[in-house]
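The values are calculated or read from the model by the stated rules, or taken from the named source; none is laboratory data. Computed from a predicted model, the values in this text were never measured in an experiment. A quick note on method: Cβ atoms are made from the backbone with ideal geometry, for glycine too, and the neighbour counts reach across all protein chains shown. Each accessible area value is taken on the protein alone, full model and side chains, heavy atoms only, with ligands, DNA and RNA left out. Shrake-Rupley method; radii C 1.70, N 1.55, O 1.52, S 1.80 Å.
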Amino acid sequence: MQMTPLDIGNKTFSKGIRGYLCGEVEKFLETVSQEFEAAYTENFELREKTKGLEAEISHYRQIETTLQQTLVLAQQTAEEVKKTAQHEAALMLREAELEKLSKVSETQLILEDIKEEIQGLSRKRDLLRTQLRSFLLAHLDLEKLQERNDDIA
């Protein structure tokens, strides 16, 4: 059984023939009762304070757990974002490479068309030169014939 300050204060002793002096015993019991009451009150307050502190510790542990989970989640998210960014960068590089190859192929086709056109124009130029030379030679021959005919006549 747990003793309280009231138990000490209300305690009575049987009196015997050669017993203690009642005044001293009662004064001692009163002092013990007061000391015990102070210790009992302090103990009660400390228990209440301990309960409050344990509740706070529990709360802070929950916060710590939540923060740890949040940190882990943030790290995972950062890794996922990093991987996604790397994947997107790789895709962009691949697309750029494909576009470059496409443009190079297109440019080569245009270059081939231009070369063919240049060859065609060169053939036309050569043909026109030949025709012009033939035309001029034919005119010179006509001019010479005309001069001979004028000399004869």
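Regarding the stretch 79-122, what is the average projected area of its C-alpha convex hull, in nm²? All intermediate terms of the calculation are to be shown ahead of the outcome.
Working: hull surface 10.1 nm².
Mean orientational projected area (the stretch 79-122, Cα hull): 2.5 nm².
Evaluate the distance, in nm, between pseudo-label points positioned 7 Å from the Cα of Gln2 and of Arg18 along their respective Cα→Cβ axes.
4.1
From the phi of every residue in the stretch 105-121, what ³J(HN,Hα) in whole Hz does the Karplus formula 6.51 cos²θ - 1.76 cosθ + 1.60 yield, where θ is phi - 60° and glycine or proline is x?
4, 4, 5, 5, 4, 4, 4, 4, 4, 5, 4, 4, 5, 5, 4, x, 5
On a 1.4 Å probe surface of the protein chains, which of Lys15, Lys115 comes out largest in accessible area, and what is the full order? Kindly include the intermediate steps, with their values, before the conclusion.
On the way: Lys15 165, Lys115 115 Å².
Most to least solvent-accessible, the answer reads Lys15, Lys115.
Please report the spacing between the Cα centers of the stretch 18-86 and the stretch 93-153 in Å, no decimals.
103
In angstroms, what radius of gyration and Dmax does the chain have, counting Cα atoms only?
Calculated on Cα positions, Rg and Dmax stand at 59.7, 198 Å.
Provide the per residue accessible area, probe 1.4 Å, for the chain, rounded to a whole number of square angstrom.
Numbers: 14680 Å² over 153 residues.
Result: 96 Å² of accessible area for each residue.
Roughly speaking, to the nearest percent, how much of the chain's 1.4 Å accessible area is carbon and sulfur? Spell out each step's value before the answer.
On the way: 8560 of 14680 Å².
For the chain, the apolar C and S fraction of the accessible surface comes to 58 percent.
Place +1 on the Cβ of every Lys and Arg and -1 on the Cβ of every Asp and Glu in the chain, take the dipole about the Cα centre, and give the residue among His87, Ser14, Ile110 whose Cα lies farthest towards its positive end.
Most positive-ward Cα: Ser14.
Send over the per residue convex hull volume for the stretch 1-89, Cα only, as a whole number of Å³. Walk me through the intermediate numbers first.
Working: hull volume 8.5 nm³, N = 89.
So the per-residue hull volume is 96 Å³.
Between Lys82 and Gln34, what is the spin-label point distance in nm, taking each point 7 Å from the Cα along the Cα→C-beta axis?
Between Lys82 and Gln34, the simple spin-label model gives 7.1 nm.
Cross-link partners among aspartates and glutamates for Lys49, C-alpha distance below 12 Å, same-chain residues fewer than 8 apart left out?
Hits, sequence-local ones excluded: zero.
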